[in-house]
Amino acid sequence: MRKIAPSILAADFSNLSQQIRYVEIGGADIIHCDIMDGKFVPNITFGPVVVKAVRKATKLPIDVHLMIKDPDNFIEDFVNAGANYISVHQEEVVHLNRTIVKIKDLGAKAGVVLNPSTPVSTLTEVLEFVDFVLIMSVNPGFGGQKFIESTLNKVSQLAKMREEMNLSFEIELDGGVTSKNIQKIAAAGCDIFVAGSSIFGQDNISAATTELKNLVS
Ligand code: DX5
Ligand code: ZN
């Protein structure tokens, strides 16, 4: 089953629990949390305290996307805050295998993220250990950016590698997802669709969630 993961980066933080309720009503499967530190990416968002508040607001799985320096130092804090999925960037983590094992040992699903300029071939040696791979379809740091078309190819390549290697990790894509492009992303082999502005930027958040979900169901 394909999953919709609204990114709260684009939500109204003055009313976060209500905004989460809206996407739940619309059929959201996962809540995506973007953690930025102003170093790995040129923007700052929030940390475990807010993830803990999200945990209180929903029973849906929480997907924590770590766009921070030295993510290993914070994995435990995010698991304790209620994260169910945790992903780290290939570009930042030197000992990827160790980090993946650490996330899984703490009881969360482990994912690796690739920036648009990083090839999928960099993951050959870790694919058998991951629960999911997150393909960035914009340069990380901000919501509302334009989808980079060439990243679709990376989704297809990854889906092909998954089949050839007889593996079952999920493929997630993040950035610039809209009702116009979501079907071609699904056709390339994507399982989890992160969407910020095309959900929380709309007047009817629940209807926008349902629309995306129906397009890939
Ligand atoms: C970007 C974040 C995304 C962002 C997506 O660095 O990782 O999750 O919220 O936002 P949209 O859907 O608006 O491109
Ligand atoms: Zn993200």
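The values are calculated or read from the model by the stated rules, or taken from the named source; none is laboratory data. Here the structure is a predicted model, which means the values were calculated and not measured. Cβ atoms come from the backbone with ideal geometry, glycine included; neighbour counts cover every protein chain shown. Remember, those area values only see protein heavy atoms, side chains included, never the ligands or the DNA or RNA. Shrake-Rupley method; radii C 1.70, N 1.55, O 1.52, S 1.80 Å.
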- Message: Show me the trypsin sites (Lys or Arg not before Pro) within region 1-81 that DSSP assigns to loop and that have at most 12 other Cβ atoms within 10 Å of their Cβ.
- Response: LYS39, LYS59
- Message: Per residue, how much accessible surface does region 116-167 expose to a 1.4 Å probe? Answer in Å², no decimals.
- Response: 52
- region 112-186: trypsin sites (Lys or Arg not before Pro) falling in loop per DSSP and having at most 14 other Cβ within 10 Å: LYS146, LYS180
- Query: Where the only charges are on Cβ atoms (+1 Lys, Arg; -1 Asp, Glu), what is the dipole of region 40-120 about its Cα centre, to the nearest 20 debye?
  - Reply: 360
- With a Förster radius of 22 Å, plug the Cβ-Cβ distance of ASN166 and SER117 into 1/(1 + (r/R0)^6) and report the FRET value to the nearest 0.05. 0.15
- Query: Within a Cβ distance under 15 Å of ASP72, other residues only, what is the Lys/Arg minus Asp/Glu net charge?
  - Reply: -2
- Summing -39500 (n - 2.57) over every DSSP H run of at least 4 in the chain, dividing by its residue total and rounding to the nearest 500, the 222 nm mean residue ellipticity is -10000 deg cm²/dmol
- Size of the dipole of region 120-217 about the Cα centre, Lys and Arg at +1 and Asp and Glu at -1 on the beta carbon, nothing else charged, in debye to 20? 380
- Task: Over the chain, with every protein chain in place, what whole percent of the accessible area is carbon and sulfur at 1.4 Å, could you tell me?
- Result: 49
- Note on the structure: Cα-Cα longer than 18 Å, checked against LYS146/LYS184; LYS160/LYS180; LYS146/LYS180; LYS39/LYS69, kept in input order, equals LYS160/LYS180
- Message: Starting from the 7 Å offset along Cα-to-Cβ, what nm value, one decimal, do you get for the label separation of GLU149 and SER217?
- Response: 3.1
- Per residue accessible area of region 1-111, 1.4 Å probe, in Å²: 45
- Item | About the Cα centre, charge dipole magnitude for the chain (Lys/Arg +1, Asp/Glu -1 at Cβ), debye | 360
